[in-house]
Structures are given as structure tokens and as C-alpha cells.
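Please treat every number below as a calculation from the coordinates, not as lab data. Not measured: the values here are computed from a predicted model.
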Amino acid sequence: MICAPFRPMLVAVLGLAFLAGFTPQCAAQAPLEPEVADFIDEMVGKHQFRRAELARLFAKVQPRPSIIRAMTAPATAKPWHEFRGIYVNRIRIEGGVKFWRVHASAVERASREYGVPQELIVATIGIETHYGRNTGSFRVLEALATLAFQYPPRAEFFRRELEEYLLLAREAGLDPMAVRGSYAGAIGIPQFLPSSYRAYAVDFDRDGVRDLIGTPADAIGSVANYYRQYGWREGEAVAVPAEASGSSVDTAKIGDIKPQTPVGELRRRGVVPLAAVGDEAEAALFVVETENGPRYWLGLNNFYVITRYNRSINYAMAVWELANEINAAMKLAR
């Protein structure tokens, strides 16, 4: 006997109507929604899952309206000076120093093998889960199913992640209903989405298992591998502060974070780097809101790589600044 099948009711979220609920029925398993049934057919045809097992699994899934609300108001949308205070603070700096010391061998080896700075690996884990303390309380299956079938703006993306999650669970021998993570379905100490888990997780402690949930060494190596795979360039700068007037901002296409314009060309347009950077380096001009007004930066390749982890300027700035603060604190403590 299975209760609460995946059946929708209408819920309004910020003026948009989403199907996000269900009516408990314990007498018998109710029919699955057509989208869910179609997804199951796809998993059976493409990946040879057993139809009856998936039907029983999805009959247990409960859509979560709170996930939709979280998706529509992410923390990264805050002004930079507010967002920074949440993540770049004394507690996370001290926590980063402690985490780095405890896992010094793994952090050093990951940096050496993948060419990513030690402090950046540590800071990423610090931003994502406070060094593994908060890996999320949502059932990953329910989070991904809610977003795949109840959140039209990104339904296609999360349907692919749901597919990847079921494949990951099968490959790793995980109970798909047991794994918990973020409201977006990210998993473990480094908060990898299922597709990233399958593609970039590494068995860094060499025990035969890629475990991002309970093994810090695997998380450390996997973060470094992720950045390298997205094009991290060892020894290169991340971003440099800049001055920009109204006319130079207009011609520099502010907001496009992918670095495509040579710094020399940006100089000719009136953008003035406030730190050393070669004219041949490609950069993107972006702005963050400080308490004293807008502040301009030139984002280089490595800044863009950080945004591949989370496609937010605020996120990448927080990772980079926390990394610098942790590194400085480590040097003072030696």
C-alpha cells in the first residue's frame, strides 16, 4: 500500500501558478501524472530501468512547494555587500583554516595534481556546505522531481538532472529515496549536481568508491578536478579591480561574464585596470554593488571558471574573496 502519489494541485508562487502538491490516498496507488509516466517510459527505453520499480518509486515522491519558492528567490540575487557578509566572515575564515589543517595532505595533493590553488578548493567547500556541516535536508529525488515536473522555467534542465540522478543511484548502489541534499538537488560536501557527480567526482582516497557524501578527500579532489575540467589556468589571476566611466561601461557590454574582449581593447574604450594585467588577456567587465555604490571589476578566465560552479557573479566573488582571506589567515597562523 503506497500513500501520497505524485499528483498535483495548483499552488501560486510569486504570481505564477505551479502544480506542486498532492492529496494523500492510502487505499491504492493512484495513476502517475502523464509527464512522470513519460519520463519513466524514457528511462526504461534508454537505460533499461524496470518500469514497475520506477512507478513504485515515484508514487512515494512528494512535491515540495518550498523548493519552488527557494528557486524563485536565490540568495545570490542579493546585493553584493549583503551576500558577502553571509559567506565571507570570521566564522567561515576560521572554519576554512581548521578544515585546511585537518585535510592538509589531501588539499596539497589535489592542488598539485590539478593545478588549482589550495585555498580555492577549501573556500569552495566552505561556501557550499560550511566545510561539510550543512549538506542539505531535502530528499534529492523529491527536489529534482519537483523541479523537473513542477517548475516550467527550468524543467528541461532538471529533468536531465533527474535522469542523471537515477543513473548515479544505480551505479553507486544508493537508495534513491535516502540521499539528501540541497533544494536544487545538489549532493554531498561539494554540492555536485548528479551530472557533475557522474562526470567529475574522483576517488581521491583510492578506496574504490567516489563518495562525495561522507569522504572529505574525495570531495577535495573532485572540486579541484571540476575546476580543471572547466579550464582553470594554473598561476593566472582571477579578477582585477577597474575604473569605468558611463561611456566606457556602455561600450564594454557590462554583464556578459564570459571573457572575450582583450584588456587592451577595454583600455581603449576607457576602462582602467587598477592592478597589473596584460593587454592581451581576455576579460569581461562586471559590476558589484557595495555599500558605497557600484564597483567595477575585470573578470578573467579563472573568474569565469568559478562561475561554472555556480553561474553567479556574487558566488564567484565570495569564493575568491573567502579563499584570499583563508590564505592570509593560514600565513598568519604559521
For the chain, radius of gyration divided by Kirkwood radius, i.e. Rg to Rh on alpha-carbons: 1.02
Long-range amide H partners of Thr261 with built H, under 5 Å: Ala283
Vicinal HN-Hα couplings computed from phi for the stretch 109-124 (Karplus, 6.51 cos²θ - 1.76 cosθ + 1.60; Hz; Gly/Pro x): 5, 4, 5, 5, 6, 10, x, 9, x, 4, 5, 6, 4, 5, 5, 4
Unit Cα scatterers, Debye sum, the stretch 213-295: log10 I(q)/I(0) for q = 0.16, 0.18, 0.19 Å⁻¹: -0.71, -0.81, -0.86
Table column - 3J(HN,Hα) (Hz), the stretch 91-108, Karplus curve with 6.51, -1.76, 1.60, x for Gly and Pro: 4, 6, 5, 5, x, x, 4, 5, 4, 4, 5, 5, 10, 4, 5, 5, 5, 5
Amide proton proximity set for Ala242, modelled H, under 5 Å, gap of 5+: Leu274, Tyr296, Trp297, Leu298
Under 5 Å, built H, 5+ apart or other chain: amide partners of Ile213: Ile189
Of Ile306, Ile86, Ile213, the one that fluctuates the most in a GNM where the chain has Cα springs shorter than 10 Å: Ile86
Descending semi-axes in Å of the stretch 45-148, equivalent ellipsoid built from Cα gyration tensor: 35, 22, 12
Candidates Val271, Val122, Val102, ranked by Gaussian network fluctuation over the chain, Cα under 10 Å, top entry: Val102
In Hz, Karplus ³J(HN,Hα) per residue of the stretch 40-55 (6.51, -1.76, 1.60; θ = phi - 60°; x = Gly, Pro): 4, 4, 5, 5, 5, x, 7, 10, 6, 6, 8, 4, 5, 5, 5, 4
Highest-MSF residue in the chain out of Pro63, Pro117, Pro241 [GNM, Cα springs under 10 Å]: Pro241
